[in-house]
Amino acid sequence: MNAVRSLKMRTQVGIIGAGPAGLFLSHLLHRAGIECVVVEAQSRPYVEGRVRAGVLEPGTMETLEMLGLDARMRREGMVDEGLDIRFRGKNIHLDLPGLTGKRVMIYGQQEVVKDLIGARLEASQPLLFEAKVSRLSDLDGDRPKIHFSHDGRDEVLECDYIAGCDGFHGVSRQAPPPGHIINYERVYDFALARRVVAVEATRRYDLFEQRSWLRAVQPAFERGLSPISANRCQRRSHIMVRRPVLG
Ligand SMILES: Cc1cc2nc3c(=O)[nH]c(=O)nc-3n(C[C@H](O)[C@H](O)[C@H](O)COP(=O)(O)OP(=O)(O)OC[C@H]3O[C@@H](n4cnc5c(N)ncnc54)[C@H](O)[C@@H]3O)c2cc1C
């Protein structure tokens, strides 16, 4: 159900996409006193059930904390202090706190998304589901516009700024004229191996058996330490092998 009661068709920042980027941005803007409207193509259950990343790095944990939205993560997430890579019959253990002074948190992206959506709706901030953006217009003027369909109607949202948080294949990336996009990227001269990884079975992994990639490696858990092959997605193909903190 869409929880927006009245959508102003003008806003300071129109945000396309209720993934982690769009939702975090909406909270940060709200905190800074800047009004925004989030427009999301999918339904709320779909977005909240979309399983993707499973590990939060310190920056994400700190941002959730700064927004006061970290309570469930602290309660239900699992602190992870290491990474085990099994290679040529040997275990290589990476001690994250020892090497970096930091820990990561195993807490599904879909759980973060649920927390961010819940908090936004609770604060009665506009967030439209099932509102698919078809195009952007007037990008070179003072009032750029987002065109989307919602409840069987074509709508136009006039903005001061548009934040295209609709992912690599979204409409925003295609919208600016050629030569107007600046890409920022950091290229590392190393990478994790693309395919074969070993897994270490622990009872704590049971907690996360709903994760699709974990289901794929479950047979390997059942056999104990067994190498598996996996490609999780096209562009991020690493498999992390974790040693959870047992408690
Ligand atoms: C299988 C998988 C596993 C992953 N595992 C990891 C991991 O372990 N660690 C990690 O750091 N990252 C991982 N990632 C990457 C991580 O999920 C992405 O970096 C993250 O989702 C990006 O967030 P985002 O908000 O930018 O985009 P998205 O999450 O893609 O959100 C974009 C939103 O825009 C909406 N949208 C698209 N088009 C329109 C439109 N026309 N109108 C309105 N809304 C629209 C989409 O429905 C979506 O909700 C994984 C990704 C996948 C696919």
Yes or no: Gly14 near the ligand (Cβ under 9 Å from one of its atoms) and surrounded by 15 or more Cβ atoms within 10 Å (Cβ to Cβ)? no
I'd like to check something: does segment 162-170 contain any residue that is in contact with a strand residue (DSSP E or B) (Cβ under 8 Å, 6 or more places away or on another chain) and part of a helix (DSSP H, G or I)? no
Candidates Ala119, Ala123, Ala131, Ala163, filtered to the one that is exposed (fewer than 15 other Cβ atoms within 10 Å of the Cβ) and in contact (Cβ under 8 Å) with a residue 60 or more places away in the chain: Ala123
Restricting the search to segment 56-88, which residues are touching a helix residue (DSSP H, G or I) at 6+ places or on another chain (Cβ under 9 Å) and part of a strand (DSSP E or B)? Leu56, Met78, Asp80, Glu81, Gly82, Leu83
Within segment 134-147, of all residues that are out of contact with any Lys or Arg (no Cβ under 6 Å at 6 or more places or on another chain) and in a strand (DSSP E or B), the one farthest from the ligand (Cβ to nearest atom) is Lys145
In segment 40-85, which residues are away from the ligand (no atom under 12 Å from the Cβ), buried (at least 17 other Cβ atoms within 10 Å of the Cβ), within 30 Å of His150 (Cβ to Cβ) and more than 14 Å from the chain's Cα centre (by Cα)? Leu69
If we ask which residues in segment 174-201 are at pLDDT below 50, surrounded by 12 or more Cβ atoms within 10 Å (Cβ to Cβ) and not β-branched (Val, Ile, Thr), their number turns out to be 5
Specify which of the listed residues (Leu23, Leu29) is part of a helix (DSSP H, G or I), surrounded by 13 or more Cβ atoms within 10 Å (Cβ to Cβ), within 13 Å of the ligand (Cβ to nearest atom) and in the same structural domain as Asp166 (by TED's automatic domain parsing). Leu23
List every residue pair whose Cβ atoms lie under 8 Å apart, where the two residues are 6 or more positions apart in sequence or sit on different chains, the first residue falls within segment 43-68 and is within 18 Å of Ser26 (Cβ to Cβ), and the second residue, located anywhere, is of a type in the set (Gly, Ala, Ser) and not in a helix (DSSP H, G or I). Val47/Ala18; Val47/Gly19
Is it true that Ala71 is free of Cβ contacts under 8 Å to residues at least 24 places away in the same chain and on the phi < 0 side of the Ramachandran plot? yes
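The values are calculated or read from the model by the stated rules, or taken from the named source; none is laboratory data. Since we're looking at a predicted model, the values are computed, not measured. As a convention, Cβ positions derive from the backbone with ideal geometry for all residues, glycine included, and neighbour counts pool all protein chains shown.
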